[in-house]
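These notes are about the structure you will find just below.
The values are calculated or read from the model by the stated rules, or taken from the named source; none is laboratory data. Predicted model, so just to flag it, every value in this text is computed and none were measured. Because the Cβ atoms are built from the backbone with ideal geometry, glycine has one as well, and the counts that use them run over all protein chains shown. Each accessible area value is taken on the protein alone, full model and side chains, heavy atoms only, with ligands, DNA and RNA left out. Shrake-Rupley method; radii C 1.70, N 1.55, O 1.52, S 1.80 Å.
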Amino acid sequence: MKKPNSTLSGVIAALSMIGMAAPAFAQSGDTTFTFTSTSNAPTTVGGNGKNGVPYSGMHWTGSSVGKTSTGQTTKASFSCVMMTQPPRDSLFEFHMLCDVTASDGAYSAAMGCQFIDQATQEVSCIGGLYGTSGAYAGRRGTITNHAKGSASSGTGQWFQ
């Protein structure tokens, strides 16, 4: 297998910094929030696929802090996986799925992501939230995520 090219390496570096926390707390109705997170170094797989087009997948973990519009905060840990998309094959350059665990429950986030500036490894993502247990069970929401360096931040909203 050929070694991935520098574009693939750039994708890998940028993805290693994305993570999230989307605090729900035991509230009814819509809940808006912000978050900051830090990611650990990723484990990467991949290479060059059909016609030499690079592809990759990776897995990483991290921690985050979320804050609701009412000022309540929660800490969480996350585990994410991603895979790049073939050129000109989709709206997003890569897709990501994260499982998040907090003291008040757990949820998953599915996102599509694009580079804002590949030279500086700046990335933005948008996606959906899917509550799986605790205060998040059965809830759905939306999330945005912006990453640069080893940190990311974003906003979102849980719906009833």
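Checking residue 139 against (1) charged (D, E, K, R); (2) at pLDDT 90 or above; (3) exposed (fewer than 15 other Cβ atoms within 10 Å of the Cβ), which single condition isn't satisfied?
All conditions pass for residue 139, except number (3).
Based on what the data block shows, is residue 107 touching a residue at least 40 places away in the same chain (Cβ under 8 Å) and part of a loop (DSSP other than H, G, I, E, B)?
no
For every residue, the table says whether it meets (1) modelled with pLDDT of 90 or more; (2) open to solvent by 60 Å² or more (accessible area, probe 1.4 Å); (3) touching a strand residue (DSSP E or B) at 6+ places or on another chain (Cβ under 8 Å); (4) under 16 Å from residue 39 (Cα atoms).
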residue	(1), (2), (3), (4)
51	no, yes, no, no
72	no, yes, no, no
124	yes, no, yes, yes
129	yes, no, yes, no
147	no, no, yes, yes
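Need the failing condition index for residue 86 against (1) assigned to a strand (DSSP E or B); (2) of a type outside the set (Phe, Trp, Tyr); (3) surrounded by fewer than 16 Cβ atoms within 10 Å (Cβ to Cβ), just the number.
Here residue 86 clears every test but (1).
Hey, can you tell me all the residues within region 53-67 that are over 12 Å from the mean Cα position of the chain (by Cα), buried (at least 20 other Cβ atoms within 10 Å of the Cβ) and closer than 17 Å to residue 154 by Cβ?
Matches in region 53-67: 66 only.
What number goes with the only condition from (1) over 18 Å from residue 44 (Cβ atoms); (2) hydrophobic (A, V, I, L, M, F, W, C); (3) in contact (Cβ under 8 Å) with a residue 60 or more places away in the chain that residue 115 does not pass?
Single failed check for residue 115: (1).
For region 76-88, give me the residue count where each residue is within 18 Å of residue 143 (Cα to Cα) and of a type outside the set (Val, Ile, Thr).
Here the count works out to 6.
Which one is modelled with the lowest pLDDT among residues in region 89-107 that are more than 20 Å from residue 137 (Cα to Cα) and exposed (fewer than 14 other Cβ atoms within 10 Å of the Cβ)?
Filtering region 89-107 for residues that are more than 20 Å from residue 137 (Cα to Cα) and exposed (fewer than 14 other Cβ atoms within 10 Å of the Cβ), the one modelled with the lowest pLDDT comes out as 89.
What's the total number of residues in region 37-49 that are touching a residue at least 40 places away in the same chain (Cβ under 8 Å) and open to solvent by less than 60 Å² (accessible area, probe 1.4 Å)?
So the count comes out to 5.
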